[in-house]
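First comes the structure, then the notes that go with it.
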Amino acid sequence: MTSLWFDTAGGAVAPRPPLPGDLDVDVAIVGAGYTGLWTAYYLRQADPGLRIAIVEAEQAGFGASGRNGGWCSGLLPTPLPKLEKLHGRGAAIAFQQAMIDTVDEVGRAAAAEGIDCHWDKGGTLGLARSAAQWRGARAEAELAASYGFELRLLDRAEALDRCGATAVHGATWSPHCAAVHPLRLARGLALAVERLGVAIYERTRVLEIMPGAGRTAVGGHRAAVRTDHGTVRADTVVRATEGYTASLPGHRRAVVPIYSLMVATEPLPKSFWDEAGLDRRETFTDHRRLVIYGQRTADDRLAFGGRGAPYHYGSAIRPPFDNEPSVHLALRNTLVELFPALGDAKITHAWGGPLGITRDWHPSVGLDRSTGLAWAGGYVGDGVAATNLAGRTLADLITGTESSLTVLPWVNHRSPRWEPEPLRWLGINTALRAVVALDRFEGRAPS
């Protein structure tokens, strides 16, 4: 079963030609997802003379960029207290504000490029559906306020006025989120960078990213990307591979791929929406620990997803992993528990894919000038906006532009490596089961 986004983005499109052979450019980008595309977009605007090539194993938007829940949000994967402890209070606040500002920048850029990605900035609701969740919601609102950020606490009546879910005690609401059609955004962005003169080579599998030694070094050479269709040499190579990073030599323990799965309903009638609400297309979740996420689509479906799929030994990524019947069934059951009026509404789509998680749950973006290697990733599922911030930051780093972005605390952050197998498999899957058990014990999720 294909994703909802694929079937409502015009279906299949003809792939772009692969790399025709060896190539020399100024900047080579590995991966035509949001990170790679936004990086190319802002680089060409900063310096229209740059020769930029993107190489992609499948097609633009194939990975998480075209399969995610469609939340363009100001969420940070790393909690503010942890960022403050690592980098200082001012740096933590600056990072959060940059993410908030990025939500509007994505909308601005999409409008400027004529990308019809069903953008609708209705904010996001965090429902509290148990006493434990309500305590968590109040604590989250207090924490945001302590840093000077808006996260409104809604009482039961206010929450139900926005979203008619069951067992609602109240909710948090943030204005800093827009619902989007993720694959339309990815495909539109790919066309935009091509109009700017960037070459995208699809069906070109990267075998190795090789560092440079610097032009002034003895025996100096440029960085390079070795692919199954030739080698691309460049002054700078950007690794923009997120959940697929572990497939590259030397990166097996840098980022682990964790699967997130989704389902979508058929278009739902007005009678359902009169009860369910979400009139402004607010994205929604609740305050359980095991992440769930949903949106009302532009064509009045519910697109709903969550974690819970197992981590696969050796950071394996395979097409069959996109379909975990037990997890997809659990998602449908959770959705019906939230909105019983769904009844027997048909689930038309079920899909999934890997996202990237670093060992410290800390995203990063950076450039090592001594090797010519740049990177961005580790968004932990919050990448629709974060990739845009990463692209703008990489553009400034690569062009040598000093800006407020290049001093943000994720710049040149280095996460520790994940444990080797079988410790990695045991640790991640044990933690997953523990989170599910803790949610049930605290009454944060139904048993």
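Looking only at residues that are of a type in the set (Gly, Ala, Ser), under 25 Å from ARG440 (Cβ atoms) and open to solvent by less than 30 Å² (accessible area, probe 1.4 Å) in segment 310-364, which one is nearest to the chain's Cα centre (by Cα)?
Out of the qualifying residues, it is GLY352.
Return the only residue of THR245, THR204, THR216 being of a type in the set (S, T, N, Q), assigned to a loop (DSSP other than H, G, I, E, B) and modelled with pLDDT of 95 or more. Spell out the reasoning first.
Working: THR245 fails: assigned to a loop (DSSP other than H, G, I, E, B); THR216 fails: modelled with pLDDT of 95 or more.
Only one candidate passes the filter, namely THR204.
What pairs come out if I take residues in segment 16-39 that are at negative phi and pair them with residues that are charged (D, E, K, R) whose C-beta lies under 6 Å away, six or more apart or interchain?
Sorted first by the residue in segment 16-39, then by its partner, the pairs are ARG16/GLU202; PRO18/ARG203; ASP24/ARG233; VAL25/ARG51; ASP26/ARG51; ASP26/ASP235; VAL30/ARG239; ALA32/GLU56.
Quick one: which residue in ARG414, ARG440 is more than 22 Å from LEU355 (Cβ to Cβ) and either among the basic types (Lys, Arg) or open to solvent by less than 10 Å² (accessible area, probe 1.4 Å) (or both)?
ARG440
So GLU421 fits all but one of (1) loosely packed, with under 15 Cβ neighbours inside 10 Å; (2) acidic (Asp, Glu); (3) in a helix (DSSP H, G or I); what number is the exception?
Unmet condition: (3).
Would it be correct to say that THR283 is in contact (Cβ under 8 Å) with a residue 24 or more places away in the chain, open to solvent by 10 Å² or more (accessible area, probe 1.4 Å), within 28 Å of LEU432 (Cβ to Cβ) and of a type in the set (S, T, N, Q)?
Taking the combined requirement at face value, the residue does not satisfy it.
I'm trying to understand the selection: among the residues of segment 264-290, which are at pLDDT 95 or above and aliphatic (A, V, I, L, M)?
Scanning segment 264-290 gives ALA264, LEU268, ALA276, LEU278.
Could you figure out which of (1) in a helix (DSSP H, G or I); (2) at pLDDT 95 or above; (3) farther than 30 Å from THR406 by Cβ isn't true of LEU125?
Only one criterion is unmet by LEU125, namely (1).
Pairs, please: C-beta under 7 Å, at least 6 apart or cross-chain, first residue touching a residue at least 40 places away in the same chain (Cβ under 8 Å) and in segment 149-163, second among the polar types (S, T, N, Q) and open to solvent by less than 70 Å² (accessible area, probe 1.4 Å)?
Between residues of segment 149-163 that are touching a residue at least 40 places away in the same chain (Cβ under 8 Å) and residues that are among the polar types (S, T, N, Q) and open to solvent by less than 70 Å² (accessible area, probe 1.4 Å), the close pairs are PHE149/GLN96.
Would you list the strands (runs of 3 or more DSSP E) that sit entirely within segment 346-403 and hold 1 or more residues that are among the acidic types (Asp, Glu) and modelled with pLDDT of 95 or more? Steps first, answer last, please.
On the way: elements: 347-357, 364-368, 373-377.
Ranges flagged: 364-368.
So which residues in segment 227-242 are within 21 Å of ASP360 (Cβ to Cβ) and part of a loop (DSSP other than H, G, I, E, B)? Walk me through it before giving the result.
Kept after step one, since they are within 21 Å of ASP360 (Cβ to Cβ), are these residues of segment 227-242: 239-242.
ALA240, THR241, listed by residue number.
Given (1) free of Cβ contacts under 8 Å to residues at least 12 places away in the same chain; (2) crowded, with 18+ Cβ neighbours inside 10 Å, where does LEU127 come up short, assuming only one miss?
So the condition that LEU127 fails would be (1).
Looking only at segment 404-447, count every residue that is over 30 Å from ASN388 (Cα atoms), free of Cβ contacts under 8 Å to residues at least 60 places away in the same chain and hydrophobic (A, V, I, L, M, F, W, C) and tell me the total.
Here the count works out to 6.
Answer yes if at least one residue in segment 228-236 is among the polar types (S, T, N, Q), without any contact (Cβ under 8 Å) to a residue 40 or more places away in the chain, over 18 Å from GLY383 (Cβ atoms) and out of contact with any Phe, Trp or Tyr (no Cβ under 9 Å at 6 or more places or on another chain), and no otherwise.
Scanning segment 228-236 turns up no residue that is among the polar types (S, T, N, Q), without any contact (Cβ under 8 Å) to a residue 40 or more places away in the chain, over 18 Å from GLY383 (Cβ atoms) and out of contact with any Phe, Trp or Tyr (no Cβ under 9 Å at 6 or more places or on another chain).
Can you find even one residue in segment 429-437 that is within 24 Å of LEU248 (Cβ to Cβ) and buried (at least 19 other Cβ atoms within 10 Å of the Cβ)?
There is no residue in segment 429-437 that is within 24 Å of LEU248 (Cβ to Cβ) and buried (at least 19 other Cβ atoms within 10 Å of the Cβ).
Quick check on HIS181: is it under 24 Å from GLY70 (Cα atoms), of a type outside the set (A, V, I, L, M), open to solvent by 30 Å² or more (accessible area, probe 1.4 Å) and at pLDDT 95 or above?
In short, no.
Check GLY294, GLY250, GLY314, GLY308 and return the single one that is more than 24 Å from TRP38 (Cα to Cα) and part of a helix (DSSP H, G or I).
Numbers: GLY294 fails: part of a helix (DSSP H, G or I); GLY250 fails: part of a helix (DSSP H, G or I); GLY308 fails: part of a helix (DSSP H, G or I).
Every option except GLY314 fails the conditions.
Answer yes if at least one residue in segment 187-201 is at pLDDT 95 or above, in contact with a Pro (Cβ under 8 Å, 6 or more places away or on another chain), within 30 Å of ARG51 (Cα to Cα) and assigned to a loop (DSSP other than H, G, I, E, B), and no otherwise. Reasoning before the result, please.
Within segment 187-201, the first condition is being at pLDDT 95 or above, and the residues that meet it are 187-201.
Checking which are in contact with a Pro (Cβ under 8 Å, 6 or more places away or on another chain) leaves us with 196-197, 201.
From what's left, within 30 Å of ARG51 (Cα to Cα): 196-197, 201.
Checking the rest, the ones that are also assigned to a loop (DSSP other than H, G, I, E, B) come to 196-197.
Within segment 187-201, one or more residues are at pLDDT 95 or above, in contact with a Pro (Cβ under 8 Å, 6 or more places away or on another chain), within 30 Å of ARG51 (Cα to Cα) and assigned to a loop (DSSP other than H, G, I, E, B).
Pairs only if they're at least six apart or on different chains, beta carbon under 9 angstrom, first in segment 107-118 and over 18 Å from ALA9 (Cα atoms) and part of a helix (DSSP H, G or I), second among the polar types (S, T, N, Q) and open to solvent by less than 20 Å² (accessible area, probe 1.4 Å); list them, first residue then second.
ALA109/ASN388
Might you let me know whether segment 80-101 holds any residue that is over 30 Å from PRO18 (Cβ atoms), touching a residue at least 12 places away in the same chain (Cβ under 8 Å), assigned to a loop (DSSP other than H, G, I, E, B) and open to solvent by less than 20 Å² (accessible area, probe 1.4 Å)?
For segment 80-101, residues over 30 Å from PRO18 (Cβ atoms), touching a residue at least 12 places away in the same chain (Cβ under 8 Å), assigned to a loop (DSSP other than H, G, I, E, B) and open to solvent by less than 20 Å² (accessible area, probe 1.4 Å): absent.
The values are calculated or read from the model by the stated rules, or taken from the named source; none is laboratory data. Everything numeric in this text was worked out from a predicted model, so none of it was measured. We place every Cβ from the backbone using ideal geometry, glycine too, and count neighbours over all the protein chains shown. For accessibility, only protein heavy atoms count, side chains too; no ligands or nucleic acids. Shrake-Rupley method; radii C 1.70, N 1.55, O 1.52, S 1.80 Å.
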